[in-house]
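Some notes on the structure that comes next.
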Amino acid sequence: MKKRAVLFWAQLGFTLMVCAFLIVPVVLSMLAGVTVNYQNGLESGLTLRWIGEVWAGYRQTIFLSIGISLVCLAVTLVLGVPAAYVLAKRQNAMTRAIEELLVMPVAVPGLATALALIVTYGGAGGFRTSWTFILVGHVLFTLPFMVRSVLAVLSAIDLKTLEESASSLGAGFGQRFFQIVLPNCRGGILAGSLMVVTLSMGEFNMTWLLHTPLTKTLPVGLADAYASLRLEIGSAYTLVFFVMIVPLLLAMQAMSRPRKSKTAKADIGEE
Amino acid sequence: MMTDPVQPLAIALSRCGKTFADGTRALEPLDLEIKAGETVVFLGPSGCGKTTTLRIIAGLEDPDAGGRVLFDGVDVTAQPIEQRNVGMVFQSYALFPNMTVAENIGYGLRVRRAKKPAIAARVDEMLGMMRIEPLADRRIDQLSGGQRQRVALARALAVRPRALLLDEPLTALDAKLRDALRLEIDELLRRLGITAIYVTHDQAEAMALGDRIAVMDHGKMAQIGPPREIYRRPATRFVADFIGTMNRISGVARGGVFVTDAGAVPWLEAPPGTTEALFRPEDVTVVDEGQAHLKGSVVAAFFLGDRTRLFVKVDANKPLVVETDARRDYAHGETVGLRIDPRGLMAL
């Protein structure tokens, strides 16, 4: 009994140490963002001045990132969910090959993908300088995550029989897709959406090459701030980033949780 | 209870075969007539083509070129399943996990854009008919297997289908529940008078439910007929062996007697040239050696409670299976006499 208690406290201590190792730098960075002078430490006092400067100088990057990630989500939903549906329904050598190829944009370094995009479309002036150029990169990068998570759910349910039984009840393709297929891969769609938004919001490698001075995203702006401005401003930027993204992620997490059952376990009808 | 009369549907298949994309022949071209209101059971081992035939009738598979499916004489071969208005019940139930029991049952009506009160009324009627009212608001994952099957039946019947197609509906259930639900389905089909096609590999289910049984083997219909005919006058060796227990003994028919190595059995109607007699265990009685037609030695005896099943070796064939209600034990190697009721003898 006592030995178990010792083991328990040892494990708890270890876990807390690992957590601290990861969390302390984040907390310090966030604190730095509200410290008057980081060199002098917290004694120099707290201020919202740096946050104000970030807001004044970089709020466009925040809005652009949120905008791109949401449009990216919309595009991956429209492309990815039907793609996953087709891949789940047609199990043959070609669809399996496509499934494998889908991982490529994740495996290939973002820089390489970005370079390929620039080499190919760099000459198209209006496109090159617009935010949609970054969007294309993000869609390439995040689409596999949407397809994979929806596909995983679709493969786990007996999609074929569910659709057959719906059609035996008179449901045409549209009704089957929107009333049976989509609701039953809700979990996969939400998990995929969470990935897509998070990845798009934080994407740096590719965006670093794709952006123009007028199309800076949040992570690019962050790198900019750390590289060329006071440490306090960079840290304040991180703080703003957290404040923006954490509620968004929490909301999406809450949505993707499975629905609670309404009543207790079955108890009748088995005599 | 269900008040609306369903106009039963007559179904006909004409030269319906099925070859899959990989060249596998699942079904040889088949002709079949199912009368309005009749229950036909497709019976056979897995891979015999029974489910393929059902799926062709449902519209889930297209027959090979030349095959036609007729509903009340109208060619529906080109119609997709959603236009055929047939109710289907699947082995896996295929209930929609994103809907409650009531929503599942009402789905077919929702698809037909019925008014909400009409759907609710029909759902209540179906819940009552299947005696599952308390489950209306349950989610599918909160139901037991038997409850799921009741919901699946209610859902299929809610749209007043022209025919009910059941694909191994009881296979996933345990034995006791299977018996109870079989009785329920039988009552239901009789009460509704609906044309029903029932696919199973379980001969007891087929015997209990079928007005006619179509025994299928290797993509062909080996025999179709009422259960008694299938049992008493099997058309092929496959049918004889697949349905019930069949004993066989080799010999020669000579002057109204079938002569074997183990003895002679009177058999006036033996077809000329018969070299093998077939008979069921219930047509054999275990008797004293003096009155016996055949003699053999017991190789195994199983006490079943109300009777004892004996395996009796009489010749080089498989031991004969016979049953006796004698209140005694049988020892291995013991010689017993067998008397065969001549009315039970069959030749193939």
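The numbers here are math on the coordinates, done by the rules we state, and not lab data. Note that this is a predicted model, so its numbers are computed, not measured. Ideal geometry is used to build each Cβ from the backbone, glycine not excepted, and the neighbour counts take in all protein chains shown.
Computed values, structure above
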{"item": "Semi-axis lengths, Å, region A:189-256, gyration tensor of Cα atoms, sqrt of 5 times eigenvalues", "result": "25, 16, 7"}
{"item": "R0 of 35 Å, Cβ-Cβ distance B:Arg190-A:Ala97: FRET efficiency to nearest 0.05", "result": "0.10"}
{"item": "Equivalent ellipsoid semi-axes - Cα gyration tensor, the protein assembly as shown, angstrom", "result": "71, 30, 25"}
{"item": "Region B:257-329: C-alpha gyration tensor shape, a/c 1.5 cut-off, then a/b vs b/c", "result": "prolate"}
{"item": "Helix B:116-129 axis, angle to chain B major axis (alpha carbon atoms, nearest 10°)", "result": "20"}
{"item": "Two-decimal log10 I(q)/I(0) for region B:131-175, as the Debye equation yields it once each C-alpha is a single scatterer, q = 0.20, 0.21, 0.31 Å⁻¹", "result": "-0.73, -0.79, -1.20"}
{"item": "Helix-only mean residue ellipticity at 222 nm for the protein assembly as shown, each DSSP H run of n ≥ 4 adding -39500 (n - 2.57), per residue, nearest 500", "result": "-15000 deg cm²/dmol"}
{"item": "Exposure proxy ranking, count of Cβ atoms within 10 Å, fewest first, for A:Leu229, B:Leu209, A:Leu214", "result": "A:Leu214, A:Leu229, B:Leu209"}
{"item": "Burial ordering of A:Phe133, B:Phe302, fewest other beta-carbon atoms within 10 Å first", "result": "B:Phe302, A:Phe133"}
{"item": "Cα gyration tensor shape for region B:77-119, rounded if a/c is under 1.5, else prolate or oblate", "result": "oblate"}
{"item": "Cα-based helix-to-principal-axis angle, B:145-158 vs chain B, degrees rounded to 10", "result": "60"}
{"item": "Summed side-chain charge close to B:Asp283 - residues other than B:Asp283 whose Cβ falls under 11 Å, Lys, Arg +1, Asp, Glu -1", "result": "+1"}
{"item": "Counted charge near B:Gly66, where neighbours are those whose Cβ lies closer than 13 Å (Asp, Glu -1; Lys, Arg +1)", "result": "-2"}
{"item": "Dipole-positive endmost among A:Leu46, B:Phe71, A:Thr217 within the protein assembly as shown (Cβ charges, Cα centre)", "result": "A:Leu46"}
{"item": "Kirkwood estimate for region B:11-242, i.e. one over the average of 1/r between Cα atoms, Å", "result": "18.3"}
{"item": "Region A:18-256, Cα convex hull volume normalised per residue, Å³", "result": "158"}
{"item": "Inter-label distance, nm, simple model (7 Å from Cα along the C-beta direction), A:Asp158/B:Asp315", "result": "4.7"}
{"item": "Inter-part distance where region B:49-98 and region A:170-229 are each reduced to a Cα centre, Å", "result": "42"}
{"item": "Region A:1-133: C-alpha gyration tensor shape, a/c 1.5 cut-off, then a/b vs b/c", "result": "oblate"}
{"item": "Hull volume in cubic angstrom per residue (convex hull over the Cα atoms of region B:205-333)", "result": "139"}
{"item": "Most positive-pole-ward Cα, B:Leu268, B:Pro342, B:Pro319, against dipole of region B:247-344 from beta carbon charges", "result": "B:Pro319"}
{"item": "Top positive-direction residue, dipole computed over region A:32-186 with Cβ charges, set A:Leu115, A:Thr129, A:Ala166", "result": "A:Ala166"}
{"item": "For B:Met88, distant residues with modelled amide H under 5 Å away", "result": "B:Leu165"}
{"item": "Where trypsin sites (Lys or Arg not before Pro) fall in DSSP loop in region A:83-133, at most 16 other Cβ within 10 Å", "result": "A:Arg90"}
{"item": "Cα centroid separation - region A:69-110 against region B:203-275, whole Å", "result": "58"}
{"item": "Directionally averaged projected area (convex hull, Cα atoms, region B:21-135), nm²", "result": "9.8"}
{"item": "Rotationally averaged projected area of region B:133-253 (alpha carbon convex hull; nm²)", "result": "10.0"}
{"item": "Förster radius 25 Å - calculated FRET efficiency between A:Leu79 and A:Thr129 (Cβ-Cβ, nearest 0.05)", "result": "0.55"}
{"item": "Principal-axis tilt of helix B:101-111 within chain B, Cα atoms, nearest 10 degrees", "result": "70"}
{"item": "Sorted by Cβ density within 10 Å, fewest first, the residues B:Ile140, B:Ile56", "result": "B:Ile140, B:Ile56"}
{"item": "Charged-residue dipole, Cβ positions (Lys, Arg, Asp, Glu), region B:1-78 about Cα centre, Debye nearest 20", "result": "180"}
{"item": "Charged-residue dipole, Cβ positions (Lys, Arg, Asp, Glu), chain B about Cα centre, Debye nearest 20", "result": "760"}
{"item": "Computed label-point distance, nm, for sites A:Val71 and B:Val257 using a 7 Å Cα→Cβ extension", "result": "10.1"}
{"item": "Given charges at beta-carbon only (K, R positive; D, E negative), |dipole| of the protein assembly as shown in Debye", "result": "1460"}
{"item": "GNM result for chain A, Cα springs below 10 Å: residue of A:Ser165, A:Ser69, A:Ser235 fluctuating most strongly", "result": "A:Ser165"}
